[in-house]
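**Student:** The structure follows.
Laboratory data are not the source of any read-out in this text; all were calculated from the coordinates shown. Just so it is clear, the structure is predicted and the values come from calculations on it, not from any experiment. Reconstructed Cβ throughout: ideal geometry from the backbone, glycine too, with neighbour counts over all protein chains shown.
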Amino acid sequence: MTEKSVEHSLIEAKHFTINLIGNPNVGKSTLFNALTHLRQHTGNWAGKTVQLTSGFYQFGGNYYHLVDLPGTYSLSSISPEEKITCKALCQKTADCTIVVCDATMLERNFNLLLQTLEITNKVVLCINLLDEAEKKQITIDLPAIANALAIPVIGISARNKKGLTELLQAIESICLEQLTPHPPVLCYSAKTEKNITQLQNQLAQKLSSAHSLRWLALQLLSSDKNNRMALCQEWQISDDSLAELINVEQAQTKAISEEITAARLSRADDLCHHSIVYHDQQYHHRDRQLDKILISPLTGIPIMLLFLTIIFWLTITGANYPSSWLSCHLFAFGDKLFAFLINTNLPPKISEALIFGIYRVLAWVVSVMLPPMAIFFPLFTLLEDFGYLPRIAFNLDHCFHKACTCGKQSLTMCIDFIILYIIKLQNSLKFCFQI
Amino acid sequence: MTLDQLSIDSWAEIQTINEQAPLKKRLQDLGFVCGAKVQCLQKSFAGDPIAYFIRGSVIALRQEDCRYITVTPLTKERDNHHD
Ligand SMILES: Nc1nc2c(ncn2[C@@H]2O[C@H](COP(=O)(O)OP(=O)(O)O)[C@@H](O)[C@H]2O)c(=O)[nH]1
């Protein structure tokens, strides 16, 4: 590109902000990394990305700022992750929101999608793990979903980087306002709708129109006193004005909350019913049979111990071979380096310090630490991909619950164990080499 | 009866979720609402937590959370999970 055309494209280039949301574990981080070419670590646990990660990518001459919001099942509850995600969406600062769904669990995932559509219309639905769905012989009628919701629906497989171009194009067309989705509004009972409209009109006088007033009205109507206070603080509505805003009673609040949740779930069921075909009814059955073995009270724990023993054994014994190979070569190289340094004009004291002090320690650390890590972490990732980690958590939850934590903790412990082992190794090495 | 008393492999329909349930909103968002059908899949070692099948996916709940959910068992075996 000539200098002139670079300058030209910089002037023309627009900057857009994109929100990335989805249930936990739908491949959101994987997609984020694929789009931004970053290598943020991906993991299996909900709430892993509590602080926001963001990155840039370029497409069609424009710049996109991608914000990876915390994974949540819903926007209406009150966990910290949900608050962050909800707030980011409600402020409507993004030009487009990508909702990532797991193709094999759309029934569960659509709840978040429908809630998002109640906040903003600039949504691209991104159905990930299509390869996984294909394996399970699930066919998803993407055009049917797109039709029903009037938003772009793109099927991708983030890990294999399939469908990303189509996704980027859909985002572009929304950002450039070539396409303005008009998703159908999810309607509730006449009585609730009346309450919503009333509250919405009142809120319009207090808040700038940039906010999603219908959503806020829904939230206020369906939350209890404490949550209402929290919402008011967040949206800077004074308590006094709220008292006059809301004239529904506590008992009614519960009914409204239940009605809203039920309406969303039944809409999600509807969508799935018309767009998903399960060709292999037995697949689910086989999955369950496998679970009967992996998480049953009788065999679950022995199998888990077996798996972990194999992994630790491979890590501890297996690492010896590459370790000794590495140290052998690194030390041989150190000797050569020493011989070389002695021949130069460097004072011998300095060469000794360099080789025996710095180089050897580094060589030890590398040859001891690298092999166990290079064996353990890929194996652990394999278990994660196989979906075994949640099952370990299930097996162990009771024991850990007694200790006032949860089963997820067991996995952190596995990693801790390996790190402890590596530290111990280092100490024993110190002894061997007598430093 | 409450959800934790549902025997393995049997289906039930959810009647109510107690107001006091700490996870009420989350449970509702995951599909635990009145009228929803749920199957008990597996109890863990020591009987807690318990895995349930609801709305096309598997969820594990602790016994203490299940006690807030009342259900009526369905007698008919549902072979077709996705109808
Ligand atoms: N088979 C398959 N697995 C995927 C795909 N995308 C992500 N995954 C896996 O799904 C798991 C969860 O992904 P992650 O990005 O951590 O999900 P997040 O919790 O939503 O950020 C990881 O083990 C990924 O390797 C995909 O397209 N196909």
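**Student:** At R0 = 35 Å, how high is the FRET efficiency between residue B:13 and residue A:178 if r is their beta carbon distance? Nearest 0.05 is fine.
**Tutor:** On the way: r = 47 Å, r/R0 = 1.34.
For residue B:13 and residue A:178, the calculated efficiency is 0.15.
**Student:** What is the angle, in °, between the Cα long axis of helix A:409-433 and the longest principal axis of the Cα atoms in chain A? Nearest 10 is fine, range 0 to 90.
**Tutor:** Value to nearest ten degrees: 20.
**Student:** Tilt of helix A:3-12 relative to the longest C-alpha principal axis of chain A, in degrees (0 to 90, nearest 10)?
**Tutor:** For helix A:3-12, the angle is close to 40 degrees.
**Student:** Test of understanding: what is the full-extension gain from residue A:205 to residue A:310, defined as 0.36 nm times their sequence separation minus their Cα-Cα distance? Don't skip to the end; give the middle numbers.
**Tutor:** Working: separation 105, 0.36 × 105 = 37.80 nm, distance 6.51 nm.
The span from residue A:205 to residue A:310 would gain 31.3 nm if fully extended.
**Student:** Can you list the GluC sites (Glu not before Pro) in the stretch B:1-70 that are in a DSSP coil and have 13 or fewer other beta carbons within 10 angstrom? Please list the in-between numbers first.
**Tutor:** On the way: sites: B:13, B:19, B:64; in loops: B:19.
The qualifying sites are B:19.
**Student:** How high is the FRET efficiency between residue A:137 and residue A:325 when r is their beta carbon distance and R₀ equals 60 Å, given to the nearest 0.05? Write out the running numbers ahead of the final one.
**Tutor:** Working: r = 46 Å, r/R0 = 0.76.
About 0.85, to the nearest 0.05.
**Student:** Next up: Looking at this model, which pairs from A:206/B:25; A:135/B:24; A:28/A:135; A:162/A:254; A:161/B:37; A:14/A:83 are more than 32 angstrom apart at the alpha-carbon?
**Tutor:** On the way: A:206/B:25 28 Å; A:135/B:24 34 Å; A:28/A:135 20 Å; A:162/A:254 44 Å; A:161/B:37 37 Å; A:14/A:83 29 Å.
Violating the 32 Å Cα-Cα cut-off are A:135/B:24; A:162/A:254; A:161/B:37.
**Student:** Also, quick follow-up: Would you kindly state the longest site-free stretch of chain A, with sites defined as GluC sites (Glu not before Pro) in a DSSP loop (not H, G, I, E, B) surrounded by at most 12 other Cβ atoms within 10 Å?
**Tutor:** On the way: sites that count: A:177, A:249.
Longest stretch, sites excluded: A:250-435.
**Student:** I want the antiparallel fraction of DSSP beta bridges within the protein assembly as shown, as a percent rounded to 5.
**Tutor:** That works out to approximately 60 percent antiparallel.
**Student:** With label points built 7 Å along Cα→Cβ from the Cα atoms of residue A:377 and residue A:270, find their separation and express it in nm.
**Tutor:** Reported label-point gap for residue A:377 and residue A:270 is 4.8 nm.
**Student:** Which length gain, in nm to one decimal place, applies between residue A:233 and residue A:161 when the Cα-Cα distance is subtracted from 0.36 nm times their residue separation? The partial results should precede the final answer.
**Tutor:** Values: separation 72, 0.36 × 72 = 25.92 nm, distance 4.20 nm.
The span from residue A:233 to residue A:161 would gain 21.7 nm if fully extended.
**Student:** Under a plain spin-label model, where a point goes 7 Å from the Cα along Cα-to-Cβ, how far apart in nm are residue A:262 and residue A:13?
**Tutor:** Inter-label distance under the simple model: 5.3 nm.
**Student:** Something else: Using only the Cα atoms of the stretch A:3-175, construct the convex hull and provide its projected area averaged over every direction, in square nanometres to one decimal.
**Tutor:** On the way: hull surface 41.1 nm².
The number I arrive at for the stretch A:3-175 is 10.3 nm².
**Student:** So, with +1 on the Cβ of K and R and -1 on the Cβ of D and E, and no other charges, what is the size of the charge dipole of the stretch A:271-350 about its Cα centre, to the nearest 20 debye?
**Tutor:** Working: 5 positive and 4 negative charges, 40 e Å.
It comes to approximately 200 debye.
**Student:** Run the Debye formula on the Cα coordinates of the protein assembly as shown, all scatterers equal and no solvent, and tell me log10 I(q)/I(0) at q = 0.05, 0.07, 0.12 1/Å.
**Tutor:** Evaluating at q = 0.05, 0.07, 0.12 Å⁻¹ gives log10 I(q)/I(0) of -0.27, -0.51, -1.19.
**Student:** Would you mind counting up the charge near residue A:265? Only other residues with Cβ under 9 Å from its Cβ, with Lys and Arg at +1 and Asp and Glu at -1.
**Tutor:** Working: positive: A:264, A:267, B:55; negative: A:107, A:269, B:29.
After counting each charged neighbour, the total is 0.
**Student:** Please give the contour-minus-distance gain from residue A:281 to residue A:52: 0.36 nm per residue of separation, less the Cα-Cα distance, rounded to one decimal in nm.
**Tutor:** 78.5 nm
**Student:** What's the angle, to the nearest 10 degrees (0 to 90), between helix A:389-402's Cα axis and the longest principal axis of chain A?
**Tutor:** 90 degrees
**Student:** May I ask you to derive the FRET efficiency for residue A:63 and residue B:1 from their Cβ-Cβ distance with R0 = 51 Å, giving the value to the nearest 0.05?
**Tutor:** Numbers: r = 58 Å, r/R0 = 1.14.
FRET efficiency, residue A:63 to residue B:1: 0.30.
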